[in-house]
Amino acid sequence: MNILTRAGLGLLMTTAVSLAQAEEVRIGMITTLSGGGSHLGVDVRDGFMLAIDQAGRDDIEVLIQDDARRPDLAKTLSNEFLQRDEVDIMTGLIWSNLAMAVVPSVVRQGTFYLSPNAGPSALAGRLCHENYFNVAYQNDNLHGAMGAYMREQGFERPLLMAPNYPAGTDALAGFKHLYEGEVADELYTQLGQTDYAAEIAQIRASDADSLFFFLPGGMGISFMKQWQSSGVEMPVFGAAFSFDEIIIQAVGSAALGAINTSEWAYDLDNAANRAFVEAFRATHERTPTLYAAQGYDTARLILSALEKAHPDDQDAFREALRAADFASVRGDFRFGPNQHPIQDIYVREVVEGEDGQPTNRLVGLAIEDIQDVYAEQCRM
């Protein structure tokens, strides 16, 4: 593999697989590789590139840029990919506010976009598009599954907390949709917030019987450390975004006992997942997060479609993507009518691993074949 580096706005790295064939495919990845939450983008990139490398194809070029979690930069980089680099496919965005700034324009211009993470409700519903596929989830899914799980477990007054941006509002809406009961309160924090003293004081003063929160990346690390120091005793629940392997390693013992939902787990027992986890650990010397799994599945979906058609033949390539003819690391996987996944969501618990460090252990199934509620708003 040739590694090329170009000067340019926000360019971190360009990874190229030799382009000799006339039917070359160019993929543009914009993801978060620096600043807060960068481990999400790093794992998406590493999972994606693992699948590309394993494929051994010499007709695929992947251009990778760092958006630094800035919507304006993501938009600029997107325009460069479309106008200068003439990419066939785009992918990589982590944050829903960046996806809303980039994806509608990309797909309207005739380029395919496959999301390996961000799944805002608008793109699943009223702004759905035939060239947009989400390979991860609709933002509500993991939170809704936890709502259903907590209801079944008998919690009657959960307090909900999330950042005030599209994925945060989707998170709490999704939880409430399947919880189907009254909640003690809803707290919205700032995106990127690091001090949670005021929120913890509100939680302490509430009559809640449990806490459900969505704080991805460094936000979750900051909150859980402050939560442990606060001495507040309350069962803690969340989605995997607040309890991925990187976060819980950084949080330490404060994460033990937390219950979280995910569409994937590294100990999920299927052949594709076992092979993926083994290869990722061997290549990167760490356990993959759900972001790496989503990046890997995104690349594998693209590769499966390329076996049938080139993106230049848009109708054929689109149908090949819709077929989802690949072995997903999460097991059963298919697309709904809005080109978002219909899939199972699992329950995991943070436990002490064999090395004495926190890790996630698969507990069971939270909900089977979840379909987002926004599909009915999609007019494709």
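When the chain is treated as a GNM, springs tying every alpha-carbon pair under 10 Å, which of VAL183, VAL251, VAL277 comes out with the largest mean-square fluctuation?
Looking only at VAL183, VAL251, VAL277, the biggest GNM fluctuation is shown by VAL183.
Given bins 10 angstrom wide, list per bin the percent of all Cα-Cα distances in segment 15-167, short to long.
The distribution over segment 15-167 is 10, 37, 32, 14, 5, 1, 0, given as percents.
Just the accessible area per residue of the chain, please: how many Å² with a 1.4 Å probe? Don't skip to the answer; put the middle values down first.
Numbers: 14190 Å² over 380 residues.
On a per-residue basis, the chain sits at 37 Å².
Scan (1) 21; (2) 27; (3) 30 for the value of percent of Cα pairs over 35 Å apart calculated from this model and give just the label.
(1)
Can you give the local net charge around THR169? Use residues other than it whose beta-carbon is closer than 13 angstrom to its beta-carbon, Lys and Arg +1, Asp and Glu -1.
Values: positive: LYS176; negative: ASP140, ASP170, GLU186.
Result for the neighbourhood of THR169: -2.
What does the net charge come to around GLY192 if you take all other residues with beta carbon closer than 13 Å to its beta carbon, with K and R at +1 and D and E at -1? Intermediate values should be presented prior to the final figure.
Working: positive: ARG69, ARG70; negative: ASP195.
It works out to a net charge of +1.
For the chain, modelled as a GNM with alpha-carbon contacts under 10 angstrom, which of MET219, MET234, MET146 fluctuates the most?
MET234
Quick one: work out the % antiparallel among DSSP beta bridges in the chain, nearest 5.
Details: 23 of 54 bridges.
Antiparallel bridges: around 45 percent, rounded to the nearest 5.
Check CYS128: other-chain or 5+ apart residues with amide H under 5 Å from its amide H, H built from backbone geometry?
Under 5 Å from the amide H of CYS128 lie the amide H atoms of ARG379, each far enough along the sequence or on another chain.
Just to be sure I understand: with springs between alpha-carbon atoms less than 10 Å apart, which residue in LEU187, LEU172, LEU77 has the highest mean-square fluctuation in the Gaussian network model of the chain?
Judging by the Gaussian network model, the answer is LEU187.
Once you list every other residue whose beta carbon is under 10 Å from the beta carbon of GLN294, what net charge do they have if Lys and Arg are +1 and Asp and Glu are -1?
Details: positive: ARG330; negative: ASP43, GLU263, ASP297.
For residues surrounding GLN294, the net value is -2.
Counting only residues 5 or more places away or on other chains, whose amide H sits under 5 Å from the amide H of TYR137 once H atoms are built in the peptide plane?
Here the answer is none, since no amide H 5 or more places off falls under 5 Å of that of TYR137.
The values are calculated or read from the model by the stated rules, or taken from the named source; none is laboratory data. Because the structure is predicted, anything quoted here is derived from the model rather than measured. Every residue, glycine among them, receives a Cβ derived from its backbone with ideal geometry; neighbour counts consider all protein chains shown. With ligands, DNA and RNA removed, areas are computed over all heavy atoms of the protein, side chains included. Shrake-Rupley method; radii C 1.70, N 1.55, O 1.52, S 1.80 Å.
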